[in-house]
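Read through the structure below, which is laid out as structure tokens, and then see the notes.
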Amino acid sequence: MAAMDMAMMQACMDACAACEQACTVCSTQLMDCATSCMNGADMCGTMMRTMLRMQGMTPPVMMAMLDACIAMCQMCEDECRAHAEMSPVCAMCADACRACMEACMAVKSAMAA
């Protein structure tokens, strides 16, 4: 884990923070996506905090966390994308979820290399 690209890790943490905020805002609209958004916010916040304290983190645990974050963001993006034409907040949330997934996938790819 010590050989990780710190700029990539920071970009992933930033994407997680942005996604957590977008999901939190979107969840207040009380649309069908609210539960997915609340879960997405929790997962992204957990992923970000986990990346902030890397001591004791092993590659298998980090990969599992990244997979969980990617899966949660995918679910939230799918839900919000269905409302994106009616709600600019849902569109913003879906975009933030996509960006977070891409950042997590980049970290995952770098770890696998």
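The values are calculated or read from the model by the stated rules, or taken from the named source; none is laboratory data. Quantities reported herein were computed from a predicted structural model and do not represent experimental measurements. Every residue, glycine as well, gets a Cβ built from its backbone with ideal geometry; the counts of neighbours run over all protein chains shown. The accessibility values were calculated without ligands, DNA or RNA, using every heavy atom of the protein model including side chains. Shrake-Rupley method; radii C 1.70, N 1.55, O 1.52, S 1.80 Å.
Near Arg98, once Lys and Arg are set to +1 and Asp and Glu to -1 for all other residues with Cβ below 12 Å from its Cβ, the sum equals -3.
Local charge for Lys108 was computed over the other residues whose Cβ lies under 12 Å away, with Lys and Arg +1 and Asp and Glu -1, and equals -2.
Residues in the chain average 51 Å² of solvent-accessible surface per residue, probe 1.4 Å, ligands and nucleic acids excluded. The dipole here belongs to the chain: it is taken about the Cα centre, uses +1 on the Cβ of Lys and Arg and -1 on the Cβ of Asp and Glu, and is about 360 debye.
Sorting 90-97, 58-65, 37-44, 102-109 by their mean Cβ neighbour count within 10 Å, with the most densely packed peptide first, gives 90-97, 37-44, 102-109, 58-65. For the chain, with all protein chains in place and a probe radius of 1.4 Å, 61% of the accessible heavy-atom surface sits on carbon or sulfur.
Placing pseudo-labels 7 Å out from each Cα toward the beta carbon at Leu30 and Met57 gives an inter-label distance of 3.8 nm. The stretch between Asp78 and Asp14, if pulled fully straight at 0.36 nm per residue, gains 20.9 nm over its current Cα-Cα span. Once Kirkwood radius over Cα pairs in Å is calculated for the structure shown, the corresponding label among [x] 13.8; [y] 14.7; [z] 15.3 turns out to be [x].
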